[in-house]
Structures are given as C-alpha cells and as structure tokens.
C-alpha cells in the first residue's frame, strides 16, 4: 500500500526489538487509508449508500416470557412460523440454525427483503430478546417489531 502513496503522505517510524536489526515501518496516515479505495471517507460513503438504499434502523427490546415459553422458543423450528408476511413484505427466510455452520441459534430468525428479526430467550430473566432491523427506517422498524411479537406469540401458542 505504501508504494501507491507519495512520500509526503507516509509517516516513517524506526523500531527496535532486542537484538533484531532496525526495521523501517511505513504507516500511511489514517485519513489516507480511508480514501484509498473509494476516494471518500467512510462517513461520505455511508451517506451515499443511505441515499441509494434508505436509512437503516436497529433495536433490541425485551418481551415477557414464562420459563416454559423460553424453553419452547429455544427449540422452535422454522415450520413453527405460519406467517407469510412481515411488515408488508413477503418472508424470504425462517431460520433456527446459522446458514454458515448449521449451529443452532437458540431461537428464531425471520427475514424479508428489507428487514429481519430474531427472537431468543434470555438466560437470566423471564423475557425473550427481540432483535430487529429495517432498511426502511424507524417507522418500518416499529411495524417489524409489532408483527414480530405477534409471530413469536403465535409460534409459542400463546
């Protein structure tokens, strides 16, 4: 990376370690590193992506659950979800295991084109944790959360 930067853009440091010979380490300044690929800072690039795709919103909330409901939630299968839509969008995936390695997630994850939620039982409290994200902003996130509670309640049979 140092070879594509002008000498004036590079900070030079000399370090020694015990009896090892001196090494020259070339470290580009942080601002230069950030701009090498796109020519923009990360915040500028993020603003462009939000303008193109919309702003995302994420939140984790807790919902009450009995110990029996928590045990059921931890063992839910994707087939337990009978809903076909979430916040006005078709459900594209229902997961109880991680797609990468097949490990159980200890709960349930439901996805649409622009949103998702995951529900997992708390290990210490009588609640389940509801994680949700929307790529359509705060208002859509609130819809996702409300419908996620309904989906989870239906899957738990409550």
Q: Could you give me the radius of gyration and the Dmax of region 114-158, taking only the C-alpha atoms into account and expressing both in angstrom?
A: 11.3, 33
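Order of 90-103, 129-142 by packing, highest average Cβ count within 10 Å first? Don't skip to the answer; put the middle values down first.
Values: 90-103: 11.9, 129-142: 18.4.
By packing density, highest mean first, the sequence is 129-142, 90-103.
Classify region 25-158 from the C-alpha gyration tensor, please: rounded if a/c falls under 1.5, else prolate or oblate depending on whether a/b exceeds b/c. It would help to have the intermediate numbers written out before the result.
On the way: a/c = 2.54, a/b = 1.93, b/c = 1.32.
Prolate.
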(Q) Over the Cα atoms of region 67-143, each weighted equally, I'd like the Debye log10 I(q)/I(0) at q = 0.18, 0.20, 0.27 Å⁻¹, rounded to two decimals. (A) -0.76, -0.91, -1.26
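For region 72-158, what is the relative contact order in percent, using Cα pairs closer than 8 Å and at least 6 residues apart in sequence? Numbers along the way, then the final one.
Values: 148 pairs, mean separation 23.4, N = 87.
Computed over region 72-158, the figure is 27 percent.
Compare the peptides 70-81, 41-52 by average per-residue count of other Cβ atoms within 10 angstrom and give them in order, highest first.
On the way: 70-81: 16.0, 41-52: 11.4.
Ranked by mean Cβ neighbours within 10 Å, highest first: 70-81, 41-52.
All of the numbers you see were taken from the coordinates with simple rules; none came from a lab. As the structure is a prediction and not an experimental result, all values here were calculated from the model. Positions of Cβ are generated from backbone atoms using ideal geometry, with glycine treated the same way; all protein chains shown enter the neighbour counts.
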